[in-house]
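Step one of this worksheet: look at the structure below.
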Amino acid sequence: MRFLFSLVFFLLALPLVFMLAFERGLLDDYVNEDAIPDEPFIRAELASKTSPEDLSRRVDAALEAKAWDDAAMYAEIAVFMDMPLAPDTAMRLEAENAFARRAARNTGSFVTGFVTGTGDDTPAFMGALASDLTVVGDIRDISSEGSKLARGEEYSTMILGLSVVGLAATTATVATGGGGLPARVGVSLLKIARKSGTITAGFARDMSRLLNEAMNFDKLGDTLRAVDLADTAATRRAVTSYADGISFARVAPVLDDVAAIERAAGPAETVRLMRYVENTDDLARVGKMTGKYGTKSRGIMEITGKTSLRAFKTAWNLILMALEWVWAIIGGIGALVATALGRRVASRRRA
């Protein structure tokens with residue numbers, strides 16, 4: 001009997017104690033977070049929070065709202081979890097993915113994004129990104145926000161500062177044969193996210209502080225007042241000259257983190273994922289998750305309410321995983337009990 005109690009303790013109690021200590025950071029000096037696989041925990045959490053019916057409803061709702069990217073994301077999670085969508089839902093999704101429908105949607109959205117610098121789907125975000133990568137977006141935003149600064153009106157420190165950084169990054173990209181591209185992409189996506197309303201107040205605060213540390217906005221105002229902002233070429237020359245004296249050392253790591261998320265999840269998902277970034281330090285956490293789960297990351301966060309790989313590695317999820325094997329454990333214990341009883345009966349008969 002003592003053996004059985006010891007077995008239960010080692011099978012259940014010790015792993016739970018270990019996970020509780022890990023959750024609270026008590027093992028950080030001894031256990032590498034990556035040493036504990038995250039996928040089983042994520043699957044356990046998703047299995048407790050969603051179902052084939054739930055995912056089908058989410059896909060249908062996204063299609064009704066014309067949120068094509070969301071529909072595809074939930075469908076991808078359904079595949080990941082081996083939860084088949086309802087037949088009608090799968091047919092609707094397939095119809096919306098037909099080439100003709102996608103082409104019609106994508107063309108209009110791309111143009112809107114290119115002109116306005118914002119949007120609500122992947123083509124629009126791609127258009128906005130394209131306009132920034134050709135400095136059209138930076139000049140547009142410098143003219144808009146810079147004119148407010150020049151007149152002493154309230155302006156967006158984040159949009160104006162990032163636009164100046166963007167021009168500098170574009171120059172560096174050309175000069176280094178592409179070396180400044182990650183920063184260039186990071187700038188564009190943060191501006192798009194800010195205009196789309198997916199930047200959190202905490203992150204905006206952190207980013208504005210970094211930009212204020214990197215550049216002198218009073219001096220920038222003097223530069224902008226001395227140039228005709230309607231003259232695109234003159235504005236670009238003046239701001240590029242001003243940017244030559246700026247140190248972007250504090251800003252660059254943030255832009256690199258954003259670019260890393262974009263490589264893993266794409267531009268549209270990067271913009272949407274900024275809703276889960278409360279400060280600049282959070283970018284690495286989100287980047288780690290998207291590096292493993294790509295475009296599914298946002299859906300996993302929305303369904304579970306958890307936004308980091310570590311958050312999934314909890315004692316409760318260990319219990320959820322154990323419950324899947326509870327009958328195997330019970331069966332094993334039962335077999336041991338039966339074996340012990342059998343030996344006892346046999347020994348009595350021999351006696």
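Data table
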{"read-out": "Highest average packing first - 207-216, 287-296, Cβ atoms within 10 Å", "value": "287-296, 207-216"}
{"read-out": "Per-peptide average of other Cβ atoms within 10 Å, ordering 148-160, 274-286 highest first", "value": "274-286, 148-160"}
{"read-out": "P(r) weight above 22 Å for the stretch 194-306, C-alpha pairs, percent", "value": "45"}
{"read-out": "Alpha carbon convex hull of the stretch 250-321, projected area averaged over orientations, nm²", "value": "4.9"}
{"read-out": "Members of Lys195/Lys306; Lys148/Lys219; Lys191/Lys288 lying beyond 20 Å, as alpha-carbon distances in this model show", "value": "Lys195/Lys306; Lys191/Lys288"}
{"read-out": "Cα gyration tensor shape of the stretch 197-250, rounded if a/c is under 1.5, else prolate or oblate by comparing a/b with b/c", "value": "prolate"}
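Bear in mind these aren't lab numbers, they're just calculated from the coordinates by the rules spelled out. All figures in this text were calculated on a predicted structure; none of them were measured in a lab. Cβ coordinates were reconstructed from backbone atoms using ideal geometry, including for glycine residues, and neighbour counts include every protein chain displayed.
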